[in-house]
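Right, one structure below, let's go through it.
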């Protein structure tokens, strides 16, 4: 965000006296993506020609918070192992999903500080059992995240929004509701599938 302490911003906003702070989207960075989910920033951060003192605003345009969110806000790797077995009228399915490490940075202004937090990798396990008593009927019971795995908790109190947040909203690749258990039924009527 830019404010009117900068003379160029003050001149741009001269006809708008009620506005003293601006925020906008910009094409300020170049990124290189490796695989599907690892992105790195390369080159200099681009600034605007409307502001003369651009060196001062490079970190404002795209600072440590944004850089860490882009490069480490999502896991560098995600691996899924999935297996199914069918035996007579029963089917069994197991899925393990590995989420790699993530991190976040928050810039605190009072007092001025850089709050860095890293979160460890996690494995979530989903299982289901399906019973098919008839060709048109299937009953499934299962659990997603059967071992009730949660993301790492925020360690620095100043990142918790005065204690209202336990987990990071910006660097958690999976939810923080724990295990989810379900029972479902599928009915097939001559090429029409009904799931209950």
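From the list 183, 195, pick out the single residue that is without any contact (Cβ under 8 Å) to a residue 12 or more places away in the chain, in contact with a strand residue (DSSP E or B) (Cβ under 8 Å, 6 or more places away or on another chain) and either exposed (fewer than 14 other Cβ atoms within 10 Å of the Cβ) or not assigned by TED's automatic domain parsing to the domain that holds residue 89 (or both).
195
Looking at segment 85-96, which of the residues that are more than 26 Å from residue 150 (Cα to Cα) and surrounded by fewer than 16 Cβ atoms within 10 Å (Cβ to Cβ) is farthest from the chain's Cα centre (by Cα)?
This residue is 88.
Residue by residue through segment 153-165, note down the ones that are buried (at least 17 other Cβ atoms within 10 Å of the Cβ) and either part of a loop (DSSP other than H, G, I, E, B) or not assigned by TED's automatic domain parsing to the domain that holds residue 110 (or both).
Listed by number, the list holds a single entry, 154.
Of everything in segment 24-40 that's modelled with pLDDT of 75 or more and surrounded by 11 or more Cβ atoms within 10 Å (Cβ to Cβ), which residue is farthest from residue 70 (Cα to Cα)?
28
Residues that are assigned to a loop (DSSP other than H, G, I, E, B) and either assigned by TED's automatic domain parsing to the domain that holds residue 37 or over 15 Å from the mean Cα position of the chain (by Cα) (or both): does segment 97-117 have at least one?
yes
Look at residue 57 and say whether it is surrounded by 15 or more Cβ atoms within 10 Å (Cβ to Cβ), within 21 Å of residue 107 (Cβ to Cβ), modelled with pLDDT under 70 and out of contact with any helix residue (DSSP H, G or I) (no Cβ under 7 Å at 6 or more places or on another chain).
yes
May I ask you to say which residue of 174, 147 is touching a residue at least 12 places away in the same chain (Cβ under 8 Å), part of a loop (DSSP other than H, G, I, E, B) and farther than 16 Å from residue 120 by Cα?
Residue meeting the stated conditions: 147.
Give segment 135-193 a look and list any residue that's touching a helix residue (DSSP H, G or I) at 6+ places or on another chain (Cβ under 8 Å) and modelled with pLDDT of 85 or more, or say none.
165, 168, 171
The values are calculated or read from the model by the stated rules, or taken from the named source; none is laboratory data. Only a predicted model underlies this, so the values are computations on that prediction, with no experimental measurement involved. Quick reminder, even Gly has a Cβ in these numbers, built from the backbone with ideal geometry, and neighbours come from all protein chains shown.
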